[in-house]
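This report concerns only the one structure given below.
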Amino acid sequence: MNNEMTQEEGLYLRQTLFDKAKRVVVKVGSAILTTESGINQDVVNNLAKEIAFLRNTGREVILVSSGAVAAGKKKLHFKDESDISIKQKQALAAIGQSQLMHDYDEAFGKYGYTIAQILLTHSDLSHRTRYLNVRNTILTLFKFGVIPIINENDTVSTEELKFSDNDNLGALLANLIEADMFICLTDVDALYDSNPLTSPDAKPIYTVSEVDDSIISMAGEGKSVLGTGGMQSKINAAQMVAAGGGSSFIGPGKRENILEHLFSGEMIGTFFLPKKEKMQSRKRWIAYVLKPKGRIILDKGACTAIIDNGRSLLPSGIIAVEGDFNKGDSVRCVTSEGLPVAVGLTNFNHQKIAEIKGMRTEEIRQLLGYKETEEVIHRDNMVVL
């Protein structure tokens, strides 16, 4: 446990947040949902039972589920090849998605619940209007008493449209609907202070009050054989949810009655506490949803003005610009050494910034013959990293 929190304090905070959680996102990955031969029906049935348990307590629940490609492989008796092409994966997802939803529909139907399918690409969330439309659809489904089951639309997703993994997608959705809790069910018991496979003295971390360098170093670089996201991606997801005022849990997804155990106060898995200061919704969208299309390198004065003084980015503090981007795109601001400073929406394209970098307001007006705005990135459209 980090930040000098006692186990008793951690247990109290965990239970308090579990009791207060009214809106929950549950993410289940391929590592526990699938086997080499396809979907694990026992896991699907247990998930339905557990989520029905949460719904019966009056909570609103989203399920973020992988598994379409695995279901497609099973239906076609497709040989599991390591060099499967993108086209083959997309086709298998198209075949398997209907089977996956059929399995979920039958499983949830046993408990009297209706499900709804939502398939998303990154572009559905990177456009602000579509982002809000997704939110409105989910909230309406809650009003209908329906359980949304969400997955990445693998049939059309290419590299620029992907979420990277469903840990990221689940965290984005948790922030989108302002969920109280993000539960990541995976094939590991918890986050450990060292690698339990190589260190017999490894101890589980039950409560994390803040994701800092020490917590990130514990994650390592390991990935599951069947999954796309390792422990690092899960910690990044927890950090993202914490910024939105939510808490997160990482723990064993194959354990029977896992959610009942969690909400009854059993100390299993790793629990991440929310940040005390909640980031505004629009700034969360800028910081976590949008993919930066370029970089702006800043001098020391500009870095200090942004980080310590809460100022906007002016042309005078810019050393160089990298990438091709347009006005309104997301760009990352870095130090001359490449360290992250901030991310935000630019008021100029890359060509214009290259022209005015290092200049003061009067010089810009003389060069261009006009001055659209003084700030390259306004503070209201910027998130300090």
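The values are calculated or read from the model by the stated rules, or taken from the named source; none is laboratory data. Predicted, not measured: the structure shown is a model, and the values here were computed from it. Glycine gets a Cβ as well: all are built from the backbone with ideal geometry, and neighbour counts include every protein chain shown.
Take the residues in region 311-334 that are under 28 Å from the mean Cα position of the chain (by Cα) and of a type in the set (S, T, N, Q), then tell me which one is surrounded by the most Cβ atoms within 10 Å (Cβ to Cβ).
S330
One line per residue, one yes/no per condition, for (1) closer than 27 Å to A243 by Cα; (2) of a type outside the set (S, T, N, Q); (3) modelled with pLDDT of 95 or more:
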site	(1), (2), (3)
I319	no, yes, yes
R332	yes, yes, yes
G344	yes, yes, yes
K352	no, yes, no
I356	no, yes, no
R365	no, yes, no
V376	yes, yes, yes
L385	yes, yes, no
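Free of Cβ contacts under 8 Å to residues at least 40 places away in the same chain, touching a strand residue (DSSP E or B) at 6+ places or on another chain (Cβ under 6 Å) and assigned by TED's automatic domain parsing to the domain that holds I296: is that true of A354 in this structure?
Answer is yes for this residue.
Looking only at region 127-154, filter to residues that are in contact with a strand residue (DSSP E or B) (Cβ under 8 Å, 6 or more places away or on another chain) and in a loop (DSSP other than H, G, I, E, B); which one of those is modelled with the lowest pLDDT?
N153
Quick check, is K293 under 18 Å from the mean Cα position of the chain (by Cα), among the charged types (D, E, K, R) and either surrounded by fewer than 18 Cβ atoms within 10 Å (Cβ to Cβ) or not in a loop (DSSP other than H, G, I, E, B) (or both)?
Criteria not met by K293.
So, in region 301-310, exactly how many residues are crowded, with 21+ Cβ neighbours inside 10 Å and either without any contact (Cβ under 8 Å) to a residue 60 or more places away in the chain or within 14 Å of the chain's Cα centre (by Cα) (or both)?
Residues flagged as crowded, with 21+ Cβ neighbours inside 10 Å and either without any contact (Cβ under 8 Å) to a residue 60 or more places away in the chain or within 14 Å of the chain's Cα centre (by Cα) (or both) within region 301-310 amount to 1.
Name the residue, out of R379, R365, R332, R360, that is more than 20 Å from E322 (Cα to Cα) and out of contact with any helix residue (DSSP H, G or I) (no Cβ under 9 Å at 6 or more places or on another chain).
R365
Suppose we filter K283, K254 for residues that are touching a strand residue (DSSP E or B) at 6+ places or on another chain (Cβ under 6 Å) and of a type outside the set (A, V, I, L, M, F, W, C); which single one remains?
After ruling out the rest, the residue left standing is K283.
State the number of residues belonging to region 203-221 that are modelled with pLDDT under 85 and either closer than 16 Å to P252 by Cβ or of a type in the set (D, E, K, R) (or both).
3
Find all pairs meeting these conditions: Cβ atoms under 7 angstrom apart; at least six residues apart or on different chains; first residue within region 339-351 and assigned by TED's automatic domain parsing to the domain that holds G310; second residue crowded, with 20+ Cβ neighbours inside 10 Å and of a type in the set (F, W, Y).
Listed by first residue and then by second, the contacts come to T346/F325; N349/F325; H350/F325.
Need a quick list: strands (runs of 3 or more DSSP E) entirely within region 9-122 having at least 3 residues that are crowded, with 20+ Cβ neighbours inside 10 Å and among the hydrophobic types (A, V, I, L, M, F, W, C).
The qualifying strands (runs of 3 or more DSSP E) are 23-28, 60-65.
Pick from L298, L273, L262, L313: which is of a type outside the set (D, E), outside the structural domain of Q239 (by TED's automatic domain parsing) and touching a residue at least 60 places away in the same chain (Cβ under 8 Å)?
The unique qualifying residue is L313.
With the requirement that a residue be touching a Cys at 6+ places or on another chain (Cβ under 6 Å) and polar (S, T, N, Q), what does region 320-360 give you?
T335 - this is the single residue of region 320-360 that is touching a Cys at 6+ places or on another chain (Cβ under 6 Å) and polar (S, T, N, Q).
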